[in-house]
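Heads up, the thing below is written out as structure tokens.
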Amino acid sequence: MAATELEPADNERAVAPHVDTAEVPSAAWGWSGESPKTFRIAGWFVALALLAMIIGNHNGRVEDIFLVAFALSIVGLFIYDIIYRRRPR
């Protein structure tokens, strides 16, 4: 039902009493959701691993350019994420 001037909108989140395990298989063992902290830690690890790959037995510098570019793009995304999380909504 749409909110009117007489009836303000209800902005509270609805709590689902039951999660269908066919839609969310992980709900069967009690966990349903993402783990953003784990994803952020894994992302920083991947960026450092890309930079560590610069040390190697290759002669050309094209590989180094791509490794640094991908690592910087990952770090840039995480810096944007840090700023976005601090901004009040």
**OP:** Determine whether the stretch 63-75 contains at least one residue that is open to solvent by 60 Å² or more (accessible area, probe 1.4 Å), within 30 Å of V24 (Cβ to Cβ) and part of a helix (DSSP H, G or I).
**Re:** no
Original post:
Restricting the stretch 47-62 to residues that are part of a helix (DSSP H, G or I) and either among the charged types (D, E, K, R) or closer than 23 Å to F78 by Cβ (or both), which is most open to solvent (accessible area, probe 1.4 Å)?
Top reply: L48
Original post:
Pairs under 6 Å by beta carbon, first residue under 24 Å from R85 (Cβ atoms) in the stretch 37-56, partner open to solvent by 100 Å² or more (accessible area, probe 1.4 Å) and assigned to a helix (DSSP H, G or I), six or more apart or different chains?
Top reply: L50/F70
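The values are calculated or read from the model by the stated rules, or taken from the named source; none is laboratory data. Just so you know, these numbers come straight off a predicted model, no measurement behind them. With ideal geometry, Cβ positions are generated from the backbone for all residues, glycine too; neighbour counts draw on all protein chains shown. The protein model used for the area step is the full one, side chains on, heavy atoms only, and it has no ligands, DNA or RNA in it. Shrake-Rupley method; radii C 1.70, N 1.55, O 1.52, S 1.80 Å.
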